[in-house]
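In what follows, a structure is listed as structure tokens, so that the remarks can point back to it.
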Amino acid sequence: MDWHGKVAVVTGGASGIGAAAAKLFASLGAKVVVVDRDAAEGAEAATDSMLLLRGDVGSEADVTRVRDVVVERFGRIDVLLNNAGIMRRHERAWDWSTAEVQEVLTVNLLSQFITIQLLAPVMEQGGGGSIVNIASMGALIPVPYSPAYTASKAGVLGMTRSMADSLNTIGVRINAILPGFVDTSMTVDAPARAFMPAMDAADVARAIAHVAADLSVTGEFFEVGLEEGSAVLNRIEDIPRVVRVQGF
């Protein structure tokens, strides 16, 4: 994909993976709109290639406002990176409050549903586009101190695969990236730091750009991890097996 003339929306783009991806997209020639609830009120980036908007992507009203600003400024959306995410940790499952679980599910999963619903029609009007949802390897492996996080990321996988066919009819591809352990502010105090090497956010950003530009894939999952110290991108192709249990 030639990124010149393209418009990319990056949620949770003020730091971490989102910031690295926004920087990379801009360097490739795209106009980039960064949406983050931690951005200063009314803040805008000082460059011609990047616009920073304050907004909560878990709010339909905020995403509607962002959509209207993007359409007014640029007239199209070609790439949507659903990156906004949070993690909460507790040692025991019963230490979680319902409000905390709801917050994690809203930011990590519901927000992606909202942005797709509101921005995909704009992508259709521009001739199609590409959506990349950030999930996590935590969707597939146990994260004992954050079951709400794993549930939200597993939900991202189910949503991604389930939306692929309907979005394909309007020329929009959708795929999910499952990063391994990444060096960001969200993982600075994570227990996994004691035994797991961390990737740089820029490595994940390159994987995102690769998947976003690949016109041949939709409804697929891609793992980003480290092998012998280097970042690698692997398509996850295993299909869940059905095993018959005798007597049931």
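The values are calculated or read from the model by the stated rules, or taken from the named source; none is laboratory data. Owing to the predicted nature of the structure, the values given are computational and were not obtained by experimental measurement. When we count neighbours, we look across all protein chains shown, and the Cβ atoms used for this are built from the backbone with ideal geometry, even at glycine.
Summary table below
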quantity	calculated
Residues of segment 78-110 satisfying the condition of being farther than 19 Å from Ala14 by Cα, aliphatic (A, V, I, L, M) and touching a residue at least 40 places away in the same chain (Cβ under 8 Å)	Ala93, Val101, Leu105, Leu110
Filter result for the condition that a residue is among the acidic types (Asp, Glu) and within 29 Å of Val182 (Cα to Cα), over Asp78, Asp68	Asp78
Subset tally (residues that are touching an Asp or Glu at 6+ places or on another chain (Cβ under 9 Å) and crowded, with 16+ Cβ neighbours inside 10 Å) for segment 144-162	4
Filtered residue count, segment 108-143, keeping only those that are of a type in the set (S, T, N, Q) and surrounded by fewer than 20 Cβ atoms within 10 Å (Cβ to Cβ)	2
Residue list for segment 139-173, restricted to those being closer than 15 Å to Glu223 by Cα and small (Gly, Ala, Ser)	Ala139, Ala154
Hits in segment 98-138 - residues which are touching a Gly at 6+ places or on another chain (Cβ under 9 Å), under 16 Å from Thr218 (Cα atoms), assigned to a helix (DSSP H, G or I) and not charged (D, E, K, R)	Ala120, Met123
Complete set of residues in segment 151-192 that are touching a Phe, Trp or Tyr at 6+ places or on another chain (Cβ under 8 Å) and either modelled with pLDDT under 75 or among the small types (Gly, Ala, Ser) (or both)	Ala176, Thr187, Ala190, Pro191, Ala192
Any hit, segment 159-171, residues being outside any strand (DSSP E or B), within 13 Å of the chain's Cα centre (by Cα) and not hydroxyl-bearing (Ser, Thr, Tyr)	yes
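Conditions (1) surrounded by 15 or more Cβ atoms within 10 Å (Cβ to Cβ); (2) at pLDDT below 90; (3) hydrophobic (A, V, I, L, M, F, W, C), marked per residue:
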{"residue": "Asp36", "(1), (2), (3)": "yes, no, no"}
{"residue": "Thr47", "(1), (2), (3)": "no, yes, no"}
{"residue": "Glu72", "(1), (2), (3)": "no, no, no"}
{"residue": "Ile77", "(1), (2), (3)": "yes, no, yes"}
{"residue": "Leu80", "(1), (2), (3)": "yes, no, yes"}
{"residue": "Ala93", "(1), (2), (3)": "no, yes, yes"}
